[in-house]
1. Could you check what % of the DSSP bridge pairs in chain A are antiparallel, to the nearest 5?
2. Fully extended, how many nm does the chain gain between B:His217 and B:Lys13 (0.36 nm per residue separation, minus their Cα-Cα distance)?
3. Can you tell me the relative contact order of chain B? Whole percent, Cα pairs under 8 Å, sequence separation 6 or more.
4. So who's got an amide H within less than 5 Å of the one on A:Gln187, skipping anything under 5 residues away but keeping other chains? H placed 1.01 Å off N, in plane.
5. Could you give the angle, 0 to 90 degrees to the nearest 10, between helix A:85-100's Cα long axis and the longest principal axis of the Cα atoms of chain A?
6. What gaps in nm, shortest first, separate B:Arg249 from its twins in the other copies when you place the label 7 Å past Cα toward the beta carbon?
7. Quick one: what are the phi-derived ³J(HN,Hα) couplings along the range A:185-197, Karplus 6.51/-1.76/1.60 with θ = phi - 60°, whole Hz, x for glycine and proline?
8. Return one number: the angle in degrees, 0 to 90 and rounded to the nearest 10, between the long axis of the Cα atoms of helix A:114-126 and the longest principal axis of the Cα atoms of chain A.
Number of protein chains: 2
Amino acid sequence: MTKMSDPTGRGAKRAGIRDVARLAGVAPMTVSRALSFPHLVSAETREKVAAAIAATGYIPNRVASSLSSNQTMTIGAVIPTLRNSIAADFAEGFNQVLRARGYHLLLGNSEFVPEDEEAIVVEFLSRRVDGIYLTGSTHTERTRKLLRDNAVPTVEIASLPEDPIDLAVGFSNFGAAYAVTKMFAEQGYRKVALFTTFTKDNERQVERQAGYHAAVHEFGLDDDPEGLVAELEMDLKAAARQLRLLLERRPDVEALFCTGDFIAAGALFEAQRLGLTVPQDLAIAGFEGLEIAENLNPSLTTVRIPRYEIGRKAGEMLLDRIARRPVETPVVDLGFEIIRRESTAATAGQPKVRAEAGERPAGTGG
Amino acid sequence: MTKMSDPTGRGAKRAGIRDVARLAGVAPMTVSRALSFPHLVSAETREKVAAAIAATGYIPNRVASSLSSNQTMTIGAVIPTLRNSIAADFAEGFNQVLRARGYHLLLGNSEFVPEDEEAIVVEFLSRRVDGIYLTGSTHTERTRKLLRDNAVPTVEIASLPEDPIDLAVGFSNFGAAYAVTKMFAEQGYRKVALFTTFTKDNERQVERQAGYHAAVHEFGLDDDPEGLVAELEMDLKAAARQLRLLLERRPDVEALFCTGDFIAAGALFEAQRLGLTVPQDLAIAGFEGLEIAENLNPSLTTVRIPRYEIGRKAGEMLLDRIARRPVETPVVDLGFEIIRRESTAATAGQPKVRAEAGERPAGTGG
DNA sequence: CTGTCGAATGGTACCGGTACCATTACCCAA
DNA sequence: TTGGGTAATGGTACCGGTACCATTCGACAG
């Protein structure tokens, strides 16, 4: 209880390593060692140091430590927004790995604007983070150059970039969208619509559209980008509105693929309000594999993404790189899985299927 | 283009402020000033410095800056988990305010374990964050003592603690739960069930249970804690299971209040699968005011929490405190609002109401 | 008995900024 | 002419750790 309660409000100078050393009767270096490399210090000394630390209420200053040792034990993470549950899941898995190894996350929100991301990256470099986590692979040229020139370990999440800045972990957005569209085609659907979120500066959505179009062409589906495809915000209400517009443009639409489970849910709810039966009148598939998908009535066919695994793998790879351990593959594909549920019939016109079995296509079509 | 590409992989020593100063023909102090207080430097000098910075690719080292100036421009935030969308929304609003003023967020996940929170707080203190953001008001004694003794500006989010560590922004969890239960009572419901998430180390849920019980007693509702109340994880499937159990225990239950919209959604879906009509057979109300609530069929009565506002207000108050500006009220109540929708009838037994009007009870019942 | 080695500890400089104070030049009022 | 004031800049020490090297000492081999 040597601590003082600071009546001045100014903060009575905190104890430093030299104070602890004095009290323990050793050199500051020994205190530092006792904390960082206890095995290099005799048990006796360690105890004296521990006692002095307890007595002074000493809290090591990692800012000074970082400056001196040139490592901050901090990773800078750029995440478009925490509202996006899939991005939050990636980050959660990533953070778990970091924390276990003493690293902490410095957070920045880009709101999907590459220029904002760049500013955040500069800030991170300024803070000398040991590594950087980026969402997606859409970045400004300067962001790439900055990271490469400064040789900062970097991992890009969610996509499989052709030309990664450094490391990347994700799945094939193209392949997943292609696979879903193909599934519809094989079930006999010809008029398959697509709802994606905005594709501006979001290569994941671009890839998904591309996968859809590839399958549309390959399987000779109704190819009507104006009528069957729409971009909208990730928002249930927007999905409802777009569904009404879609039905006006193409009342004959048979199936709808949404690149987000919440969009799919919004469309499903609106379809039901309009008196349509899913999947008989309209089949619907989602994307992401959120928990809600399997609980809807009817349960929602979706694409399961290994969200935590991607985050965790990214963490491990990044820490390997930081420790200068060899990294086998810089770009890792963790695949995806189509979960067929009630919202899509096994065959167009033959509804009421209850298959829950997963199908695992090669997640490498990107 | 003076930058070198670092063929050794070791990182050719980065340019420091002294290098920039030499190149610009000024003192290091002048470079520092040109960056931090440009108005104290002549335009001519500023240009020379800018040129030298561009030429060297200099990126200021904020670690050194922090050590010297004793401020890190960093706030440590403890958030139970990012998966929790309401906590993520608080953090998002908070972060917006911070970023605008040059602060960044250092993130820690406590997973609802106070001891883990304590460890994170120690780590934050070690990193000399300028302020701390905590979720809820359940903390270990040592956490409180540490923060107070070190006089670290701190804001607690989501609750209205009797004895705040420093600052707090939230709403009355007790009051909101009381108000919903009262609403049911006034509509004539007598058998009102409650689903909350686990109350262990989560005073928000404890408060909500307390508010429910207070109303149950006050309005003479069926008081059956064993039969009508359940704790479960925040999970749609768990909600479905608990609904089945509830209906076994109390087939006569008339209404269900869930302290989370996802729990309410899970219960609603399961009720529909079981062939019940909501609200005729069972009325359901949620909590949080998530987007999904208003899109469900039937749309969900819920309690809207001003999530972003709480986050933003917390950011503003914390920054005020850091800047030693006076703070009028340390504990701020931002209230709540009950949104009545289709999932609860206007009167028990008289369903099919479509009121969307909000009701604003005093958010001060805690 | 001397040399070598490992374990434990200490001394010193340095990481890269900034706080603080000094200095210089110049203008204006008294 | 002199003193006071402001604008612009510089010098130096210091923030609080750690890297690096030196030192001491006892054990043990030759």
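The values are calculated or read from the model by the stated rules, or taken from the named source; none is laboratory data. Note that the coordinates shown come from a computational prediction; the quantities given were computed from them, not determined experimentally. No Cβ is skipped: glycine too gets one built from the backbone with ideal geometry, and neighbour counts run over all protein chains shown. Remember, those area values only see protein heavy atoms, side chains included, never the ligands or the DNA or RNA. Shrake-Rupley method; radii C 1.70, N 1.55, O 1.52, S 1.80 Å.
1. Just about 15 percent of them are antiparallel.
2. Gain on extension, B:His217 to B:Lys13, equals 66.3 nm.
3. 15
4. Here nothing satisfies the definition.
5. The angle comes out at about 30 degrees.
6. Inter-copy label distances (nm, one decimal, shortest first): 5.0.
7. With the stated coefficients, the range A:185-197 comes to 4, 5, 7, x, 6, 10, 10, 10, 8, 9, 10, 10, 7 Hz.
8. 20
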